[in-house]
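All remarks here apply to the structure that follows.
Just so you know, all these numbers are worked out from the coordinates, no wet-lab data involved. In this text the structure is predicted, and so the values were computed from the model without any measurement. Glycine also receives a Cβ, built like all others from the backbone with ideal geometry; neighbour counts cover every protein chain displayed.
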Amino acid sequence: MTTAWLVLALGDKREHGGNDGYDDDPAEHYSWDSTVQNHARVAVGDVIVLWDKKKLIGISVIEAIDTGTAEKALYFCPRCGKAGIKRRQLQRPAYRCYKCGALFDTPDRKIKMVTTYRSRHGQVWMDGRGLLSGAELRALCDSPKSQLSMRPMRWEKLQDALLAIADEAEALDELEERARLTIPGGHRESVVRVRVGQDAFRKQLLRDQGEICAFTGPAPATVLEAAHLYNYAESGEHHDYGGLLLRRDVHRLFDLGRIAVNPETGTLDISGDLHAYPMYADLHGKPPAVRLRPEHLTWLRAHWHAHRPQT
């Protein structure tokens, strides 16, 4: 049975026990530490469902969990000593304790050594923004009234909820398959060969290409993925000029062969089933948004013949 976790992702705005927040990038990684309840139960191969208290952000499968140790600053109420404090954005004093009601400008502080965890889960990211509300997500948890930032939820119920409102069967099947193939083992194992060197590969592409989707044009770095132009899962190697930055949705469609580059014309070829969607149909017959090197064209030609064998 696939294990799923609903986790709160608010970046440096996410507070737990009066701490300084976490450096989340929802589509790539999620950070927590040993002060968080359930911190050691989350494992490689689990489904991770990220939300911002109001709505679903996205879903993926944990490929690896990196652990370490760090000093952590914890802040607490100077009156009652509890960590249940919150910064007030516009009012003064700056802090309120929601345990005892005290108002103050400067919280007490202590330093604690903690175990740190960071998931890596960017390989099969499914963007789910707006598909489910916070109330709908809470209802899918084992304990719907839980206030924990990491809480177990029912994967089967989540699938049913998404299929009832959106055509996400293909994306959900991909997540299920990734969870099945990922090696379990707590915080020491990782997905076989999938992510070794992937961060450095993406950073190099950002340096070379800039914040540009190679097929559609300028886009924020947070939505750009390092797309291999060949089957990386089989080779396990990063080849020079063997990748391009692609928007997440375009990356997925490229991997499926529904977007390709025609080696004869050098233009984008969009499969017929996508022509009902103007944002993709408009790309058909247009050149890529970046200048392709001969090495890129070699890989793209192989991709074309793999997915357009009769063309």
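Assorted remarks:
- The range 76-178: GluC sites (Glu not before Pro) falling in loop per DSSP and having at most 12 other Cβ within 10 Å: none
- Exposure proxy ranking, count of Cβ atoms within 10 Å, fewest first, for S119, S31: S31, S119
- Estimated distance in nm for a label pair at N38 and R129, the labels positioned 7 Å out from Cα along Cα-to-Cβ: 2.5 nm
- Listed cross-link partners K54/K82; K53/K99; K157/K203; K145/K203 are compared with a 29 Å cut-off, the Cα-Cα value being larger for K157/K203; K145/K203.
- DSSP-assigned coil residues among chymotrypsin sites (Phe, Trp or Tyr not before Pro) in the range 93-136, each with at most 15 further Cβ atoms within 10 Å: Y98
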